Ligand SMILES: NC(=O)c1ccc[n+]([C@@H]2O[C@H](COP(=O)([O-])OP(=O)(O)OC[C@H]3O[C@@H](n4cnc5c(N)ncnc54)[C@H](OP(=O)(O)O)[C@@H]3O)[C@@H](O)[C@H]2O)c1
C-alpha cells in the first residue's frame with residue numbers, strides 16, 4: 001500500500017490535496033500537527049480513502065505545540081469519529097498510551113517509533129518490546145546514515161513477516177531511499193509517498209507517483225529481482241526511468257533502484273545476496289572489477305565495467321558504452337578510413353576511440369587541460385593527439401564530443417567552433433542533456449548529419465537490459481520515457 005501524508009498547511013489545502021491523492025494513494029495519513037485549525041470530522045469524511053490520524057509531537061519529528069494530554073485527546077476524537085487507524089508513539093507517557101490502546105474500538109492502532117539520527121544495529125530488542133504492547137501495526141522508522149542500514153531494516157521486515165506481524169519498516173534520508181521502494185516486497189505494511197515536491201513529511205520521501213508508476217511498488221513480490229545503479233553520486237542518473245519502463249513494458253516483475261555507494265567492496269559484500277545485476281557509473285567503473293569473478297573481453301580491453309550480470313552464480317563484468325556508441329554511429333555510415341576527431345580524452349573517449357580504431361577509422365583525440373592523461377590514451381590507441389585549440393587545422397569527417405561541454409546547465413557552450421562545421425560531416429555528441437546541444441544545433445544548421453547522446457544512452461542501456469534479462473529491450477518505450485522526462489525538466 002502507498003500512503004500519502006496530507007501536510008496542510010491549511011484545511012483548504014488539505015481538502016484540495018485529497019483530489020490529487022485519489023488515483024495514487026491506497027491510504028491517507030492526516031498529519032493533524034501540520035494542518036492549522038483542522039476540522040477532523042470533515043477531513044475523515046472527505047478523504048475518500050482509509051485514514052491514519054497522526055498528531056505528532058516535536059520529539060518524534062512533529063509540530064504539535066500543546067500538552068501530551070491535549071495531543072492524545074485528538075486521537076481519542078479520531079477513534080470516536082471512526083478513523084481506520086491512529087498513529088500513537090511508543091514514547092507517549094504510559095498511562096495515556098494505555099488509555100488509548102484499551103479504548104480504541106474498531107480503530108487500529110499503529111504503534112510508532114522514530115529515530116531521526118540513526119538506525120543502529122539493535123532494532124530487534126525494540127521490535128520485541130513493541131510486540132508486547134496491544135497495537136495492531138508496528139512502525140519503526142530510522143535514519144539511514146549508511147546504505148547498509150537498509151539491510152538492517154530488511155532483516156527486521158523478514159522477521160516480522162515470518163512472525164505474521166504487521167510492520168511499517170523504513171529508513172529516512174537519501175541513503176534510505178531504497179527502503180521506501182523495496183519495503184513492500186520485503187513484507188512491509190505500507191510505504192509513504194509525497195503528493196508533490198515540498199509536501200514530504202519526512203526526509204528522503206519519494207513522490208507517490210514515482211513509487212506507483214516508475215517503481216510499481218504495489219506489484220513487487222518476493223519473486224522480484226532487484227537491479228540497480230551504483231555510483232557516487234547517483235541522484236542525477238536517469239537509468240531508473242528507462243530500466244523500470246523497460247521492465248514494465250516487457251511484463252517482468254523486477255525493479256531497478258539507485259544505490260548511492262561510497263565503498264564498492266563494502267556494498268558488494270553486503271548487497272550481493274539481494275541483487276541480480278548492476279549498472280556501474282562514476283567513479284566505480286574500474287574499482288568494481290576487483291569484486292567480480294570474470295570480466296568479458298570488451299570490458300577487459302576498455303579497462304572499465306559499466307554492467308554487472310549474475311550468470312550461473314558468477315558475477316561477470318561487461319561494458320556496453322563502446323558498443324552502444326558504435327551502434328549509434330554506424331547507423332550513419334561505415335567508419336573505415338574516415339577522419340574521426342574525438343573531443344576529450346576521458347573514459348568515454350577511450351570506449352568510443354577503441355571502437356573507432358577497430359573499425360578502421362583514422363582517429364585523432366584532443367586534450368584540453370590534462371595533456372599527460374590524453375597522451376597516455378593516444379599511445380594506447382596508437383592515434384594522433386592535438387590540442388583542443390588546434391582543431392581548425394584538422395580534417396574532420398566524423399566529429400565526436402566526449403567532453404561535458406554543452407551539458408546542462410552550460411547549454412550555451414560548444415566544444416567545437418561552428419565555422420568549422422561542414423555539410424559532409426557526421427557530428428555525434430555524447431552529451432544527452434539537453435537532447436539537442438548547441439553543437440548539434442549548429443551542426444544541423446551547417447547541413448551535417450547529427451547523432452544525439454540520447455541514442456548512445458539508450459543503446460548502452462538496452463544492451464544492459466538484454467544482458468540481465470535475456471529479452472529484447474523495448475527501445476521505443478525507453479526512448480519515449482527519456483524524451484518525456486528531458487522535455488519536462490528544465
Ligand atoms: N550518452 C551517454 O550515454 C553517455 C555515456 C557516458 C558519458 N557521456 C557523456 O560523455 C561526457 C564525458 O564523460 P567521461 O566519462 O568521458 O568524462 P571524463 O572521464 O571526466 O572525461 C572528460 C574529458 O573531457 C575533457 N574536458 C572537460 N572539460 C572540457 C572543456 N571545457 N573543454 C574541452 N575538454 C574538456 C577532459 O579533458 P581535460 O581533463 O584535459 O580537461 C576529459 O578528457 C560526459 O559529458 C558524459 O555526460 C554520455
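General observations
- When the convex hull of its Cα atoms is projected in every direction, mean area for segment 2-217 (nm²): 10.7
- Relative contact order, whole percent, for segment 323-451 stands at 22, derived from Cα pairs under 8 Å and 6 or more residues apart.
- Share of pairwise Cα separations in segment 323-451, more than 25 Å, in percent: 15
- Using equal-weight Cα scatterers in the Debye expression, the normalised intensity of segment 84-143 in log10 at q = 0.22 Å⁻¹ is -0.87.
- The convex hull drawn around the Cα atoms of segment 187-313, when projected onto a plane and averaged over every direction, covers 8.9 nm².
- Rel. contact order, % - alpha carbon contacts under 8 angstrom, at least six apart, segment 2-217: 17
- Cα convex hull of segment 9-59, projected area averaged across orientations, nm²: 3.5
- Segment 449-490: proportion of alpha-carbon pairs further apart than 17 angstrom, %: 36
- Helix 453-469 vs. the chain, principal-axis angle (Cα, 0 to 90°, nearest 10): 60
- Euclidean distance between Cα centres, segment 1-68 to segment 186-256, Å: 24
- One way to sum up the overall shape of segment 255-374 is the equivalent ellipsoid from its Cα gyration tensor, whose semi-axes run 30, 17, 12 Å, largest first.
- Every Cα-Cα pair in segment 377-489 was counted, and those over 21 Å apart are 47% of them.
- Helix 371-381 vs. the chain, principal-axis angle (Cα, 0 to 90°, nearest 10): 70
- Rounded to 10°, Cα long-axis angle of helix 11-21 versus longest principal axis of the chain: 60
- For segment 379-435 versus segment 332-350, the gap between their alpha-carbon centres in whole angstrom: 10
- Over the residues of the chain, the helix contribution to mean residue ellipticity at 222 nm works out to -10000 deg cm²/dmol, using -39500 (n - 2.57) for each DSSP H run of at least 4.
- Whole-number percent relative contact order across the chain, with pairs defined as alpha carbons under 8 Å at least 6 apart: 9
- One equal scatterer on each Cα of segment 79-187, no solvent, Debye formula: the resulting log10 I(q)/I(0) at q = 0.15, 0.17, 0.18 Å⁻¹ is -0.63, -0.79, -0.87.
- Alpha-carbon Rg/Rh ratio, for the chain, with Rh computed the Kirkwood way: 1.07
Read-outs: derived from the displayed coordinates by stated rules, not from any lab. Since the model is a prediction, treat every value here as computed from it, not as a measurement.
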